[in-house]
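Take a look at the structure below.
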């Protein structure tokens with residue numbers, strides 16, 4: 001007879017909450033969600049040139065590997081911030097830095 005590790009059954013919701021509050025998993029999940037949001041906001045053509053994306057202190061940092069695209073995106077920073085904030089449903093992003 002197999003001995004089960006847990007005494008009671010847990011809901012999927014409670015398990016997901018435990019995973020997302022775990023520091024090791026939450027950083028990885030944030031990166032995945034940021035990439036997905038960036039894809040929704042800017043589309044496939046722009047997102048394929050994006051290597052790294054993260055948020056720190058209400059600033060969205062993006063590593064773009066095309067200098068021409070980076071220059072083009074700097075002209076529309078305000079619109080990108082507005083669209084990104086609309087996608088996430090808050091006004092968390094105040095500034096964008098392309099590197």
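Only the coordinates and a few stated rules stand behind these numbers; no lab work does. Nothing here was measured: the structure is a model prediction, and the numbers come from that model. In this analysis, Cβ positions are derived from the backbone assuming ideal geometry, glycine residues included, and neighbour counts consider all displayed protein chains.
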Calculated FRET efficiency, residue 90 and residue 68, Cβ-Cβ r, R0 22 Å, to nearest 0.05?
0.10
Does segment 12-98 come out rounded, prolate or oblate by the C-alpha gyration tensor, with a ≥ b ≥ c the root eigenvalues, rounded set by a/c under 1.5 and, if not, prolate when a/b is larger than b/c and oblate if not?
prolate
With each pseudo-label sitting 7 Å past Cα toward Cβ, what's the residue 10-residue 61 distance in nm, one decimal?
3.2
